[in-house]
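The structure appears right after this line, and notes come after that.
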Amino acid sequence: MKSTASYIRFFLLSFFLLITVNAALFSQGTDSRRPGGGGIQKNFCLTVYVNPSKTGITSEEVTGISDLSSTKGSSINGSLDVDYFFSGAAGINFGIGYSGFSSQLSLDNWSDAYTTKDSENETYEMRITGKTIVEDQKIGYLSIPVCLALRFPAAGKVGFYMKTGIGFDIPVVKSYDGTGVFSYEGYYSTYNVVLKDINDPIIGFYTNRSTSSTGTLEVKSFTMALIASGNIFVSLGESIQILLGVHYKRSLSNISTYVPPADFLLSSEADELNSFMAGSSGANVQAVGLSLGLRFYIK
C-alpha cells in the first residue's frame, strides 16, 4: 500500500496541475461572460450527492488462514458539498457526508489445535474443526472531505467537473456478524484416547455445533482517505446543474487497531467465534461507483 506521504505528494501535484490548467484555460481574460459559455460564471455553490457504490473491507493476511474468500458489498453514500471557485476553473471543495463499506468473508473449512487442561488438571490437546464459516463486516464513516476542484468551461451549459483530495473519516458503524459450524475433540496422549460428541457444557466436546457471533470491530477512531471523482455537468438554468460521473475512495493507511496473536484461533471453545479481522495484520476500505449530484449556485 502506498504511504500517506505519497498521497500527500499526489495531492500537492494535483493542486499544481489545477492552477496550471486554470491559467491555460483562462489566460485571455476574466470576463464572466465567455464566448460559447452560455451563462454567467458563478463561484459559490452547494451540491447534494447520492453515490451508489461497490464497496469493500479488505483484510491483510489472517494468521493461520490461507483460503479466505471475500465478496464486496453495495452501499448508497451521500454528502452535502460546498465549492468555492477562487478563479474561473480552480477552486476548493469541502463538506460533510456518510461513507458506508461492507464485505462478506467466507471460509469453507478450518482446523486448528492447542494444548490445555481440563477441570481435573489433565493435559490434553483440543482439536477444533469448522465449516461454512461466514462473516459480514460493516463500517460506516462520518466523512469530511477537503478537495481541490476543477471545472471547464466555467460558465458553460455542459462541461466537466472533477475533484481530488483527502477525506477525514470518523467511524459511526463498525460491526460484524459471524456464523459457522464447529466440532471440538479432546485428545489425551497419556491414554491415547480421543473424546468427542459429548454435549456437556462443562466438557464441551461438541460435534457440528452451530455458532453465531455479533460484535464490534476494533477500528481507529480517526482515519484519512483518498477521494477522487469526475463528473459531466448539465445546466438546467442559471443556478442549477445536474452532475453524473464516477467516484473513488480508499483509506490511506491501516484502519484496524487489532494486534493479531501468533496463535490466533477463530474459535477456542464452544459458542465462541472471533472476527477474521482480529487475526489480520491490517485492513482498509475502498469504494468505487456512480456519482449523482444536484448543484445549486448561490452567487
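Selection within the stretch 51-88: residues that are buried (at least 20 other Cβ atoms within 10 Å of the Cβ) and over 17 Å from the mean Cα position of the chain (by Cα). The member of this set that is nearest to ARG250 (Cα to Cα) is ASP81.
The number of residues in the stretch 225-264 being within 25 Å of the chain's Cα centre (by Cα) and either surrounded by 18 or more Cβ atoms within 10 Å (Cβ to Cβ) or assigned to a loop (DSSP other than H, G, I, E, B) (or both) comes to 21. A Cβ distance below 8 Å, combined with a sequence gap of six or more or placement on separate chains, defines the contacts here; from the stretch 151-162, residues that are over 21 Å from HIS247 (Cα atoms) and of a type in the set (D, E, K, R) reach residues that are surrounded by 18 or more Cβ atoms within 10 Å (Cβ to Cβ) and modelled with pLDDT of 90 or more in the pairs LYS157/SER235.
Taken together, ASP169, ASP200, ASP177 contain a single residue that is over 30 Å from SER235 (Cα atoms), exposed (fewer than 14 other Cβ atoms within 10 Å of the Cβ) and either touching a Pro at 6+ places or on another chain (Cβ under 9 Å) or among the charged types (D, E, K, R) (or both), which is ASP200. Of all residues in the stretch 179-196, those that are without any contact (Cβ under 8 Å) to a residue 24 or more places away in the chain have Cβ atoms under 7 Å from Cβ atoms of residues that are surrounded by fewer than 18 Cβ atoms within 10 Å (Cβ to Cβ) and outside any strand (DSSP E or B), 6 or more apart or on another chain, in LYS196/THR207. Being at pLDDT 95 or above, touching a helix residue (DSSP H, G or I) at 6+ places or on another chain (Cβ under 6 Å), of a type outside the set (D, E, K, R) and surrounded by 16 or more Cβ atoms within 10 Å (Cβ to Cβ) is the requirement here; does ALA283 meet it? It is true that ALA283 is at pLDDT 95 or above, touching a helix residue (DSSP H, G or I) at 6+ places or on another chain (Cβ under 6 Å), of a type outside the set (D, E, K, R) and surrounded by 16 or more Cβ atoms within 10 Å (Cβ to Cβ).
Here GLU272 passes the criteria (1) in contact with a helix residue (DSSP H, G or I) (Cβ under 8 Å, 6 or more places away or on another chain); (2) surrounded by fewer than 16 Cβ atoms within 10 Å (Cβ to Cβ) except the one numbered (1).
The values are calculated or read from the model by the stated rules, or taken from the named source; none is laboratory data. All of these numbers come straight from a predicted model, not from anything done at the bench. Note: ideal-geometry Cβ built from the backbone for every residue, glycine included; neighbour counts use all protein chains shown.
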